[in-house]
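Colleague: My questions all concern the structure below.
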Protein chains: 2
Amino acid sequence: MLFCQGETKYLREIGSELEPVAVAMERFALDSGKRLRPLFAYVGFLGTGAKSAPEIIQACAALELVHVCALMHDDVMDGSDTRRGAPSIHKSFEAMHADKKLVGSAENFGTATAILLGDLALVWSAKMLHQSGLESATLIRALPMYDEMRVELMAGQYLDVYEQALGSSSVDRSLKVARYKSGKYTIERPLHFGAALGSKDPEQLMNSYSSYGLPLGEAFQLRDDVLGIFGNPAETGKPAGDDLREAKRTVLLAKTMEFATPAGQSIIKSALGNPNLIASEIEAAREIMKNTGALKWVEDLIESLTSSAREAIEHGEIEPLAKQYLGDLADIVTRRSL
Amino acid sequence: MLFCQGETKYLREIGSELEPVAVAMERFALDSGKRLRPLFAYVGFLGTGAKSAPEIIQACAALELVHVCALMHDDVMDGSDTRRGAPSIHKSFEAMHADKKLVGSAENFGTATAILLGDLALVWSAKMLHQSGLESATLIRALPMYDEMRVELMAGQYLDVYEQALGSSSVDRSLKVARYKSGKYTIERPLHFGAALGSKDPEQLMNSYSSYGLPLGEAFQLRDDVLGIFGNPAETGKPAGDDLREAKRTVLLAKTMEFATPAGQSIIKSALGNPNLIASEIEAAREIMKNTGALKWVEDLIESLTSSAREAIEHGEIEPLAKQYLGDLADIVTRRSL
C-alpha cells in the first residue's frame, strides 16, 4: 500500500473540512525526512538472515509515523516555526486560520491542530503496523519492542523539556536525555523491533544491537547538537544557530560553560534564549565553543562512541550484509553535515 | 495487573525527574472518571454471550487510557484550567514550574508536559491492550476496532476545533461533530471492540450496536452540551456556564441563535468567549435558551435519539443480560444530572 494513502482518503470521506489535514499529513510524511528509524528496523531485520517481504517493509515504515508525531509535537513544545525548511505544522495552520479569517486565536488553532495531527500520526503508525499483513506470531513478537520504543520516546522528551526548564547545564544529564531520545528511541529499539520481526530467538542479536545502538545513538544526538549551532541552514532546514535561540541544554553547551572564562560564559548566557539573535552573536558563541576546546571535546566523544558501536558489531553474530549496512549507517548518522 | 502500576514504576526507574509524571498519570487515571468506554466495550463483549476472563477486562480497561489522552490534550486545546474539579494537567505542571522556580515560560512548560503525558497515555493504552494476555487471534480481531475508534476520535476533535474557529452555528455541523466525537468514539466503536473480543462472527451484532450506539452517542453529546450551560459545578467538575466562556459551538447554541430575537442573539453573542462572565450574565443566557424553546427542542431530540437507541437493541440478537445493561447505560449517559 502507498504510505498512508488509504488513511487520507478516509479523512476526505468524512468531510471537506478535513482536506487541509489530509494534505498536511501527506506532505509532512512524504516530502522528506531521513527515515532513520525504518532504516534501522529494516537492517535489524536483515541482520537475522531472514528473507524480506512487503509486509516487513510496511511494518518498518510504520515507525516513521511515530517520528512524525514526535516532530509535530516537538515543534509545538519548542515553539519552532520551521521544520525541514517549511513552516512547522502549528505555524501553517495558524496561517490558514488567518487566511480564512476564522474566529478566535490563530495561535491556539495552530497549536490545537498540531496536537491532533501528531496524535493522528501516532494512531496511524499503530494501524499501519497492525494491518501490515505480518503473520500473527510475528506481529505479537514485535509489539513489545514497538511499545517500549514509544514509551522511551515520551520519557526522553520529558527529560529534555525538564532539562531545559532547569536552566543549568550538566554533561551527565544531557547524556541521559541523549540516551533515551536517540540511543534507545532512534537506534536500539528500531533494531530490536527488526530483530523480533526476523527471528524467534533474537536475544543474542538484540544484545549486540544494544551495544551498537546505545553509543551510536548518543553520538548521533551529539552530532545533532553540533549541527544545531554550526549546521548549514540549507542542510538542516532550521535557521543558523537555532539551538542558541531555543536555549537547548546540550552536552556541547554544558562543556562550553565548564571550559569558558567568566567573560565567555556571559557571552553565551546572553545569547541563550534570545529570539532576536544576530549573525555576529552566533559567530561569537561559535568561537567560544571552538576556542575553549568544548567543540573538540564533543567531536572526540562522538568519535569514541562511534568506535564502540563499530566494535560491537564486529563480534556480533549478524548477517554480513547487515553488518556492512550498520557500518554505513554509523557513518551516516554521525557525519559532519546532513 | 493494577492499572498502569508497572508503567509508573518503570518511569520512576528512569529517574527521579519522572516522579511528578508518574504521580500525575496515576492520579488522573485512577482518581475518577466514568469509565464509559471500558463499560460499553465490556457490555459489547457480554452481548456475544462469551464467558468473561481477566484478559477481557484488561483489554476493555485499555480504552480508558485513550480517553485520558483525549482529555489531557483537549484541556490544552480549549485552555481549560480545571478537570474533574482539580487543576488540569497543563495547569498543575505550570504551577510546579513556578513552585520550583524553573527557568523559561511556566505556561509553555505546562503545555509541553500535557502534550507528552497525553501521548504517553495513548501509548500505554496500546501497550495495555497488546499485553493483556488475550489469545493472538482474539487480539488481532479487536485491533481494527481499536484503531478505528482512535482515528475517529482525532478526526472528531479536529471537526470540533474547526467548528469553534468557524464561529458560526449550524445544527447539522454540530451534530456531525457529535457523531464522530461521541457516537462513534464513545459508544459504537467500544461496543464493536467488545463484540470482536467475544465473537468470531460479530457482523450482525455490530450492526445492532451501530443502530444503538450512533443515536445514543449523539444524545450523550447533547446532554453534555446542556450540562455545559445548566450543569451543577459540583457534579460536572467544571465552573458554571463553562461552555459559554469557551464559546462552544453546540447544537443547543445553534438552535438558540435560530430561535432568539435579535436582542436575545446579541445577549448570547456578548456572553460567548467572555472569560470574565458573571453569574447574572450566565443566568440571562440560560433564560433565553429556555424561553425560546431551544432547550426543549434539544431535550426532545435527546429523548427521540435515546428511544431509537432502545428500539435498536429490542430487535437485536443480544444476550439478555447485556441487553438490560445497554438499557441502563442509555439512561445513565443521557440523564439530567451526572
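The values are calculated or read from the model by the stated rules, or taken from the named source; none is laboratory data. Keep in mind that this is a model prediction, so the values were computed, not measured. Here the Cβ positions follow ideal geometry from the backbone for every residue, glycine too, while neighbour counts run over all protein chains shown.
Colleague: Among the residues of the range B:169-192, is any part of a loop (DSSP other than H, G, I, E, B) and either in contact with a His (Cβ under 6 Å, 6 or more places away or on another chain) or under 23 Å from B:SER270 (Cβ atoms) (or both)? Break it down stepwise before answering.
Modeller: Here is the first cut: in the range B:169-192, the ones part of a loop (DSSP other than H, G, I, E, B) are B:169-170.
Retained after the next criterion (residues that are either in contact with a His (Cβ under 6 Å, 6 or more places away or on another chain) or under 23 Å from B:SER270 (Cβ atoms) (or both)): B:169-170.
Looking through the range B:169-192, at least one residue is part of a loop (DSSP other than H, G, I, E, B) and either in contact with a His (Cβ under 6 Å, 6 or more places away or on another chain) or under 23 Å from B:SER270 (Cβ atoms) (or both).
Colleague: Could you list, in sequence order, all residues of the range A:252-279 that are closer than 20 Å to A:GLN221 by Cβ and part of a loop (DSSP other than H, G, I, E, B)?
Modeller: A:LEU272
Colleague: Also: How many of the residues in the range A:25-38 are more than 13 Å from the chain's Cα centre (by Cα) and not acidic (Asp, Glu)?
Modeller: Residues of the range A:25-38 more than 13 Å from the chain's Cα centre (by Cα): A:25-32.
Now narrow it down to the ones that are not acidic (Asp, Glu): A:25, A:27-30, A:32.
Selection size over the range A:25-38: 6.
Colleague: Could you say which residue among A:SER199, A:SER182 is among the polar types (S, T, N, Q) and either closer than 27 Å to B:HIS90 by Cβ or at pLDDT below 95 (or both)?
Modeller: Working: A:SER199 fails: either closer than 27 Å to B:HIS90 by Cβ or at pLDDT below 95 (or both).
Exactly one residue qualifies, and that residue is A:SER182.
Colleague: Output the residue which, of all residues in the range A:58-113 that are touching a residue at least 40 places away in the same chain (Cβ under 8 Å), part of a loop (DSSP other than H, G, I, E, B) and more than 10 Å from chain B (Cβ to nearest Cβ), is nearest to A:LEU134 (Cα to Cα).
Modeller: Top of the filtered list is A:ARG84.
Colleague: Could you grab me the full set of residues in the range B:138-166 that are more than 17 Å from B:ASP78 (Cα to Cα), among the aliphatic types (A, V, I, L, M) and facing chain A (nearest Cβ under 7 Å)?
Modeller: We begin by selecting, within the range B:138-166, every residue more than 17 Å from B:ASP78 (Cα to Cα); these are B:138-152.
So of that shortlist, the ones also among the aliphatic types (A, V, I, L, M) come out as B:139-140, B:142-143, B:145, B:149, B:151.
Those that are more than 17 Å from B:ASP78 (Cα to Cα), among the aliphatic types (A, V, I, L, M) and facing chain A (nearest Cβ under 7 Å): B:ILE140, B:LEU143, B:VAL151.
Colleague: From the list A:ARG179, A:ARG189, A:ARG173, pick out the single residue that is buried (at least 24 other Cβ atoms within 10 Å of the Cβ), under 27 Å from B:LEU18 (Cα atoms) and not β-branched (Val, Ile, Thr). Before the answer, list the steps.
Modeller: Details: A:ARG179 fails: buried (at least 24 other Cβ atoms within 10 Å of the Cβ); A:ARG173 fails: buried (at least 24 other Cβ atoms within 10 Å of the Cβ).
Result: A:ARG189 is the single residue among A:ARG179, A:ARG189, A:ARG173 that is buried (at least 24 other Cβ atoms within 10 Å of the Cβ), under 27 Å from B:LEU18 (Cα atoms) and not β-branched (Val, Ile, Thr).
Colleague: Another one. Given (1) part of a helix (DSSP H, G or I); (2) at pLDDT 95 or above; (3) of a type in the set (Lys, Arg); (4) surrounded by fewer than 21 Cβ atoms within 10 Å (Cβ to Cβ), where does A:ARG37 come up short, assuming only one miss?
Modeller: Result: A:ARG37 passes all but (4).
Colleague: Here's a follow-up. Just one of the numbered conditions (1) of a type in the set (Asp, Glu); (2) at pLDDT 90 or above; (3) crowded, with 17+ Cβ neighbours inside 10 Å is not true of B:ASP242; which one?
Modeller: Single failed check for B:ASP242: (2).
Colleague: Now for a different question. Any idea how many residues of the range A:107-117 are surrounded by 19 or more Cβ atoms within 10 Å (Cβ to Cβ) and over 17 Å from B:GLY118 (Cβ atoms)?
Modeller: The first filter runs over the range A:107-117 and keeps only residues surrounded by 19 or more Cβ atoms within 10 Å (Cβ to Cβ), leaving A:108-117.
Narrowing further to those that are over 17 Å from B:GLY118 (Cβ atoms): A:109-110.
Of the residues in that region, 2 qualify.
Colleague: Next question, about the same structure. Consider the range B:164-176. How many of its residues are under 21 Å from A:LYS100 (Cα atoms), without any contact (Cβ under 8 Å) to a residue 40 or more places away in the chain and under 18 Å from the mean Cα position of the chain (by Cα)?
Modeller: Here the count works out to 0.
Colleague: In addition: Of the residues B:GLU19, B:GLU55, B:GLU7, only one is within 14 Å of another protein chain (Cβ to nearest Cβ), touching a Lys or Arg at 6+ places or on another chain (Cβ under 8 Å) and in contact (Cβ under 8 Å) with a residue 40 or more places away in the chain; which?
Modeller: Details: B:GLU19 fails: in contact (Cβ under 8 Å) with a residue 40 or more places away in the chain; B:GLU55 fails: touching a Lys or Arg at 6+ places or on another chain (Cβ under 8 Å).
That would be B:GLU7, the only listed residue that is within 14 Å of another protein chain (Cβ to nearest Cβ), touching a Lys or Arg at 6+ places or on another chain (Cβ under 8 Å) and in contact (Cβ under 8 Å) with a residue 40 or more places away in the chain.
Colleague: Here's a check for you: in the range B:275-290, which residue that is exposed (fewer than 14 other Cβ atoms within 10 Å of the Cβ) and of a type outside the set (Asp, Glu) is farthest from the chain's Cα centre (by Cα)? Spell out how you get there, then give the answer.
Modeller: Start the filter on the range B:275-290 by keeping residues that are exposed (fewer than 14 other Cβ atoms within 10 Å of the Cβ), which leaves B:275-276, B:278-280, B:283, B:287, B:290.
Narrowing the set further to residues that are of a type outside the set (Asp, Glu) leaves B:275-276, B:278-280, B:290.
Values: B:PRO275: 23, B:ASN276: 26, B:ILE278: 27, B:ALA279: 27, B:SER280: 29, B:LYS290: 26 Å.
Of everything passing the filter in the range B:275-290, B:SER280 is farthest from the chain's Cα centre (by Cα).
Colleague: What about B:GLU64, is it at pLDDT 95 or above, under 20 Å from the mean Cα position of the chain (by Cα) and acidic (Asp, Glu)? Explain how you work it out, then say what you get.
Modeller: Values: at pLDDT 95 or above: yes; under 20 Å from the mean Cα position of the chain (by Cα): yes; acidic (Asp, Glu): yes.
So B:GLU64 passes the test.
Colleague: Any idea which of A:PHE45, A:PHE93 is buried (at least 21 other Cβ atoms within 10 Å of the Cβ), more than 20 Å from the chain's Cα centre (by Cα) and over 23 Å from A:GLU107 (Cα atoms)? Lay out the reasoning, then the answer.
Modeller: Numbers: A:PHE93 fails: over 23 Å from A:GLU107 (Cα atoms).
The match here is A:PHE45.
Colleague: If you take the residues in the range B:280-338 that are among the polar types (S, T, N, Q) and not in a helix (DSSP H, G or I), which one is farthest from B:PRO215 (Cα to Cα)? Give the derivation first.
Modeller: At the first step, the residues of the range B:280-338 found to be among the polar types (S, T, N, Q) are B:280, B:291-292, B:304, B:306-308, B:324, B:334, B:337.
Subset that is not in a helix (DSSP H, G or I): B:292, B:337.
Values: B:THR292: 25, B:SER337: 19 Å.
Out of the qualifying residues, it is B:THR292.
Colleague: Starting from residues that are more than 9 Å from chain A (Cβ to nearest Cβ) and within 18 Å of the chain's Cα centre (by Cα), keep the ones in the range B:118-137 and report whichever is surrounded by the fewest Cβ atoms within 10 Å (Cβ to Cβ). Steps first, answer last, please.
Modeller: Initially, the range B:118-137 is screened for residues more than 9 Å from chain A (Cβ to nearest Cβ), giving B:121, B:125, B:128-129, B:132-135.
With the extra rule that they be within 18 Å of the chain's Cα centre (by Cα), the set shrinks to B:121, B:125.
Numbers: B:ALA121: 26, B:SER125: 23.
Result: B:SER125.
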